[in-house]
Every structure is written in C-alpha cells, then in structure tokens.
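S.K.: So that we are looking at the same thing, I have put the structure below in structure tokens.
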Amino acid sequence: MRMMHFLNGKWVADADLKIPATDLSVIRGFGIFDFLRTYNKIPFRIDDHISRLFLSAKILGITIPKTKEEIKKIVEKGLRINDFPEVTIKMLVTGGNSPDGISPGDAFFIVIFGPLPVYPVANYTKGVKILSFPYLRFLPEVKSFNYLPAVYTMQKATKQKAVEVLYIDDKQIVRECTRSNIFFVKGNTLITPTERSILKGVTRKVVLELAAKKRIAVVERDVKVKELPGFDECFITGSTIEILPTVKIDAMRVGSGRVGPVTKTMMDYFREATS
C-alpha cells in the first residue's frame, strides 16, 4: 500500500520520509505527536487532536511551524492524495536540528498517513488480557516521542499474549495504558482514573460524552490496585482500538471473565456515533 506523506512543505513517499540524524528527536527522543483515524473518509475529532498537539507543544516549549487551519488543510489534501477507504493520520513535530545536542532547533513538521490496522474479531467478542507495570509517565498530559517504557513493556506483554500494559504508580494507583485509557464498571456505573496524571485521550472524551448523553453514571477518581478484583467489567479506549473489552489483568479475571453488558452497550453507542 503506497502512501504519500507531508514533510516540511513537500509530499514524499516512504523512501523519502527522512530527517537528519542530528535532529533532537533522534538523539534525545524530544518531540511531540498526535494520532487519529478517519471514519467514512472524514478525520475523526481532528480539532481535538490538533488542540492536544498544540497543548503538548506549549508545555514542552516547542514551536509548531503551522497554524491549526494549515494543519487541517494538509490533512485534507493528504486524504485526497491517499485515496484509501480509511486511514490513520500521525502528526509529528520534531525537536529540530540541535546546535548543541540538547537545545531545540527548527522543528520538522510531518504528517504520516497509514493503513488502518485490523484487529482480531475475538478481541471484541471474547475480550483481551493486559499486563500491569509500575510506572508513571513524566508530563503525562504531553503526547511525546518518549515511548521507551511502552516499547519495553509491550515486548513482555506480547510474549504473555497480552495486548496492552497498564501503568500503576508508586502509590498503587491505576493511571493509564501505554496507548490507551482505561474504564472499569461497577453495577451500571463507569469508573475511570481522573484526568490528573494521565493523557486526556480523545476516545476517552467521546466515551464520557456518550455516557452523559445516554445517562450512564460516570465517576472520575483515583482507582487503587486493591479495588480491581471488585469490578464487574473493564475496557480500554484508543483511536484505533476504539472500545476494547478487557477480561483479564495479569492473572486476575475481571468480573465473570466475559465481555459485560455495559461494555457491549458502550461499544454499540460508539459504533453509532462513528457510523
């Protein structure tokens, strides 16, 4: 599948999607990105994703060399050039060619278009397993290039047939997963970690909006590890996984170990909202 991408004012193929090895994103892992997908060839919640990109830039002191409207126009053109049914869109701002190996330079602005991943149907009908790992991300509200813990722990997860890793802080409080947010269900109530110390996921935001619209109770609060055995259901949320039922955390079965009714209901609502 041949895609064209935006790189500092030019449209290039995969082979020409290059930045200098001296860029701070390469030598220090300093840079930001955001990621979204299309539904019916329309970028889903693009304004939310671009706003989060600018928030990340503000916190890290990075200057994005494009306005929000310019970015939207680049994405629109990319969708015309890459005429595929549905795609993923990754917007990146690098740290720039550093003059001293530590200070940011002039940033590269990149938009990468890719094929939409396809996940096993069984993940959604039977649920998945995730692993826990002791970690609290630095500046969690920033979507940065620093994914070392995620890459490291996901290798372990894959070997144990888990699809995600759940971060637990030093106070034994559940935070978020490497690339997704987490929800628990108790009775008919959704419980999710407070926005403090997590990345504010756009899919998470959509779930909260749908719950409010459908009058499903939601509680945002700290969730302690010792509470996990008492929950009835669990699911994780992300741009491409959408709402993914989670039936096992480490060796612990969540609730009945099956996809629960509240999770199924939220999956239906989300499907309606994106169709």
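The values are calculated or read from the model by the stated rules, or taken from the named source; none is laboratory data. Predicted model only: the values in this text are computed from it and were never measured. As a convention, Cβ positions derive from the backbone with ideal geometry for all residues, glycine included, and neighbour counts pool all protein chains shown. Keep in mind that these areas ignore ligands, DNA and RNA; they rest on the heavy atoms of the full protein, side chains included. Shrake-Rupley method; radii C 1.70, N 1.55, O 1.52, S 1.80 Å.
S.K.: Report the per residue volume, in Å³, of the convex hull enclosing the C-alpha atoms of segment 92-184.
M.R.: Hull volume over Cα atoms, normalised by residue count, gives 147 Å³.
S.K.: For a 32 Å ceiling on Cα separation, which of these pairs sit above it: Lys10/Lys143; Lys143/Lys214; Lys90/Lys213; Lys58/Lys161; Lys41/Lys186?
M.R.: Lys58/Lys161; Lys41/Lys186
S.K.: Calculate how steeply helix 202-213 sits against the longest principal axis of the alpha-carbon atoms of the chain, using the helix alpha-carbon long axis, and give the answer as 0 to 90 degrees to the nearest 10.
M.R.: So the helix axis and the longest Cα principal axis differ by about 50 degrees.
S.K.: Would you tally the net charge around Asn82, using a Cβ to Cβ cut-off of less than 14 Å, leaving Asn82 out, and scoring K and R as +1, D and E as -1?
M.R.: Neighbourhood net charge equals +2.
S.K.: Which whole-number percent gives the relative contact order of segment 1-123, counting Cα pairs below 8 Å spaced six or more residues apart?
M.R.: It rounds to 35 percent for segment 1-123.
S.K.: For the chain, find the longest principal axis of its Cα atoms and tell me its angle to the long axis of helix 68-81, 0 to 90°, nearest 10.
M.R.: Value to nearest ten degrees: 90.
S.K.: Normalised by the number of residues in the chain, what is the relative contact order in percent for Cα pairs under 8 Å and 6+ residues apart?
M.R.: For the chain, the relative contact order is 18 percent.
S.K.: Could you give the length gained by full extension between Arg253 and Leu17, i.e. 0.36 nm per residue of separation minus their alpha carbon distance, to one decimal place?
M.R.: Roughly 80.6 nm would be gained on extension.
S.K.: For the chain, with the dipole built from +1 on Lys and Arg beta-carbon atoms and -1 on Asp and Glu ones, taken about the Cα centre, which of Ile241, Gln160, Pro140 lies farthest toward the positive end?
M.R.: Checking the options against the dipole of the chain, the answer is Gln160.
S.K.: Given Cβ point charges of +1 (Lys, Arg) and -1 (Asp, Glu) and nothing else, what value in debye, to the nearest 20, does the dipole of the chain about its Cα centre take?
M.R.: With only Lys, Arg, Asp and Glu charged at Cβ, the dipole is about 580 debye.
S.K.: Further question on the same structure: Using only the alpha carbons of segment 21-115, what is the convex hull's orientation-averaged projected area in square nanometres?
M.R.: 6.0 nm²
S.K.: I would also like to ask the following. Lys72 versus Leu136, label points 7 Å from Cα toward the beta carbon: distance in nm?
M.R.: My value for the distance between the label points is 3.7 nm.
S.K.: Compute the angle between helix 46-60 and the longest alpha-carbon principal axis of the chain, please, reported from 0 to 90 degrees and rounded to the nearest 10.
M.R.: Around 70 degrees separate the two axes.
S.K.: Search the structure for amide H atoms under 5 Å from the amide H of Glu233, placed 1.01 Å from N in the peptide plane, and list their residues when 5 or more places away or on another chain.
M.R.: Val185
S.K.: Counting only protein heavy atoms and a 1.4 Å probe, tell me what percentage of the chain's accessible area is made up of carbon and sulfur.
M.R.: With neighbouring chains kept in place, the figure for the chain is 55 percent.
S.K.: If I model a spin label at Lys200 and Leu60 as a point 7 Å from the Cα along the Cα→Cβ vector, what separation in nanometres do I get?
M.R.: 1.8 nm
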